[in-house]
1. Just checking, how many residues over segment 29-45 are modelled with pLDDT of 85 or more and of a type outside the set (A, V, I, L, M, F, W, C)?
2. So, in segment 258-286, exactly how many residues are outside any strand (DSSP E or B) and either out of contact with any helix residue (DSSP H, G or I) (no Cβ under 7 Å at 6 or more places or on another chain) or within 23 Å of Cys180 (Cα to Cα) (or both)?
3. Mind checking whether some residue in segment 163-176 is open to solvent by less than 70 Å² (accessible area, probe 1.4 Å), over 28 Å from Glu18 (Cα atoms) and not in a helix (DSSP H, G or I)?
4. Could you say which residue among Gly110, Gly84, Gly135 is of a type in the set (Gly, Ala, Ser) and closer than 21 Å to Lys43 by Cα?
5. Step by step: first the residues of segment 449-461, then only those that are at pLDDT below 90 and among the β-branched types (Val, Ile, Thr), then the one that is most open to solvent (accessible area, probe 1.4 Å). Which residue is that?
6. Tally time: how many residues in segment 583-602 are surrounded by 15 or more Cβ atoms within 10 Å (Cβ to Cβ), within 22 Å of Tyr497 (Cα to Cα) and in contact with a helix residue (DSSP H, G or I) (Cβ under 9 Å, 6 or more places away or on another chain)?
7. Given Ile253, Ile241, Ile290, which one is open to solvent by 70 Å² or more (accessible area, probe 1.4 Å) and modelled with pLDDT under 75?
8. Considering segment 39-72 alone, what residues qualify as being within 33 Å of the chain's Cα centre (by Cα), farther than 24 Å from Ser130 by Cβ and among the hydrophobic types (A, V, I, L, M, F, W, C)?
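The values are calculated or read from the model by the stated rules, or taken from the named source; none is laboratory data. Everything numeric here is computed off the predicted structure, so don't read it as measured data. Glycine gets a Cβ as well: all are built from the backbone with ideal geometry, and neighbour counts include every protein chain shown. Accessible surface is based on the protein model in full, side chains and every heavy atom, while ligands, DNA and RNA are left aside. Shrake-Rupley method; radii C 1.70, N 1.55, O 1.52, S 1.80 Å.
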Amino acid sequence: MQNQTLIKNESRNEVRNELRSTGIEIIGDTPWGTHFCNFFETKHDMLDILVPFFKAGLEHNEYCVYITSDPVTAKEAESSLRNGIPDFEKYLKENKIEILPHTEWYLKSGKFDAKDVFSCWDDKLALAISSGYAGLRINGNATWLDRNLWDTFIDYERDLNDHIRDRKIIVMCTYPLDKCIATDVLDVAHVHKVAIAKRKGEWEVFETPDTKRTKAQILKKNEQLSNRIIIGTQQLKEAGIELERSEANLRSIFENNGTGLILLDPKMNILLFNGIANELAKVSFGKPYIYGENMHDLIEGLQKEEFKNNCDSVLEGKQIMFEHSYHTPEGSVKWFYTRMFPIKIDDETNIGVCISTEDITARKNTEFEKDKITSDLLLRNKDLEQFSYMVSHNLRAPVANIIGFSGRVLQNSLDDEKKLIFIEQINASALILDAVIRDLNIILQMKTDTTHKKEEVKFSAIVDSIRKSIQSIIETENAVIKTDFTAAESIKGNRVYLYSIFLNLITNSIKYHQPGISPAIEILTKTENGKLYIIFKDNGLGIDLNKNRDKVFRLYKRFHPDIEGRGMGLFMVKNQVDILGGKINIDSKVNKGTIFTIELNQ
């Protein structure tokens, strides 16, 4: 057993130490089990790197698999390899290379499943080894990848590193740069040992610390490559210049991607941030970020503990995404999409927290506008139902009576006394018809006349004016009106509508009071989360909401038929509150009283 373990370890070391040509000059030779990627801007860039990659594999007896996706078809891929690789027809006839569409590799079951893809890797490697090939070389194009699969695919890419470790496999993944935001570039670079990209006509490489360390170990152990270990002063200078260029390119991506980025160490100290994040800091905290300061100390209130919990979750390997809003000093609202995810921050095992914040105000405003349009359409539909009801019931009935009674009057057989009775009936029906038409006029005027300018309206002034206008009713019914506007004394809005709302609710409370009990009305205000609430309480007859909740604010709905009324008041209140952009709720118990709560934007 011990000998078998020793043989297996020696086999693993052989795989790790054996260097293979990538065919890509900027990368050079690499050991088996290497998983690297490239970012391309054009189809030509992608084909430019894939031809030498597969040429090296075919010339060194490796079984090659080319997994295609837009913008390159399988036919175009074959044509590019034929043009760039001598004897390509021979390799193709001998089945030394396969060219497959991504649907036969990543989506074999109709959807992406990492287990299925890993099974493909294992089957191809087994086929290659059993057929006498040195190993397996594969390229996969990620252009097909949808945004909703991104995190799942990155997890798969991370697991692929472990899956091919100590196996005779070399993998190069290709990603379209125009579909990747800054955080995507960080995701991809984090799960590959090497990342290359073509910028200004030249290929540039970004290596992770793990890759550099692994290469150094291999070079040190391999005597045949010992001459590469000795690096002169000039080579060190050149390497330093190349590193500076790589860092400059990463900094360019970091600064110019339209997303605010912050990097924190495990203790939430700020290690790095870009200009956009710094501008957001000035808005949120009133000052720019400072390297080394603690992010947790900048946050106040309940968000402080929430932020700490989020960071703890990220350090455990989780990713957190959420939307949040911010009220600017100018009174507008900005919306942001924030993502928090773990990222390696040095050559050791230290994991930090990367925070990306994107301004999504335009998208959210579009969503709100769509919601408003939908709400307006629903409201208009309800209005049409109300008008349909008025036409079919309240207009049709008096018109039918007028037609019927006038027909009888025109009969010569009637005496004067009966004609007088029918004429009185015609007059009564005409008065009813006139009342309905006046109601229609009031409703139509309310729906169309929204031109009243906004002004500062004091609630106490409205109540005082109403007291004077209905003084005789208040004295007759011995009504008491108490107010408490301490929380909010006024609001900027439409004075006409606010006056009408107060008047209808106050007069309703007096009209529908309990017999033998003096009406007691309480009006108060409160504020919460940027909203203003006006609350009306009374001790009146109340409404059975179990039976009538959906009818309370409908036209001509009356709940106390023994008391004179037309069922217009609460309908008018609801529509005027809607026009003001608010909401109204009711809580009522029979013979206990009613509470109306109006919610308005401050």
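1. So the first thing to find is which residues in segment 29-45 are modelled with pLDDT of 85 or more, and the list is 29-39.
Going one step further and asking which of them are of a type outside the set (A, V, I, L, M, F, W, C), we end up with 29-31, 33-35, 38.
Of the residues in segment 29-45, 7 are modelled with pLDDT of 85 or more and of a type outside the set (A, V, I, L, M, F, W, C).
2. Restricting attention to segment 258-286, the residues satisfying the condition of being outside any strand (DSSP E or B) are 258-259, 265-268, 274-286.
With either out of contact with any helix residue (DSSP H, G or I) (no Cβ under 7 Å at 6 or more places or on another chain) or within 23 Å of Cys180 (Cα to Cα) (or both) added as a condition, the list becomes 258-259, 265, 267, 274-284, 286.
Of the residues in that region, 16 qualify.
3. Taking segment 163-176 as the starting set, the residues that turn out to be open to solvent by less than 70 Å² (accessible area, probe 1.4 Å) are 163-164, 166, 168-176.
Of the ones still in play, those that are also over 28 Å from Glu18 (Cα atoms) are 176.
Now drop any that are not not in a helix (DSSP H, G or I), which leaves 176.
Yes.
4. Numbers: Gly110 fails: closer than 21 Å to Lys43 by Cα; Gly135 fails: closer than 21 Å to Lys43 by Cα.
From the options Gly110, Gly84, Gly135, the qualifying one is Gly84.
5. Going through segment 449-461, the residues at pLDDT below 90 turn out to be 449-455.
Subset that is among the β-branched types (Val, Ile, Thr): 450-451.
Values: Thr450: 83, Thr451: 114 Å².
So, considering only residues that are at pLDDT below 90 and among the β-branched types (Val, Ile, Thr), the one most open to solvent (accessible area, probe 1.4 Å) is Thr451.
6. 7
7. Numbers: Ile253 fails: open to solvent by 70 Å² or more (accessible area, probe 1.4 Å); Ile290 fails: modelled with pLDDT under 75.
The conditions single out Ile241.
8. So in segment 39-72, the residues within 33 Å of the chain's Cα centre (by Cα) come out as 39-43, 46, 67-72.
Retained after the next criterion (residues that are farther than 24 Å from Ser130 by Cβ): 39-43, 46, 68-72.
Passing the criteria: Phe39, Phe40, Met46, Val72.
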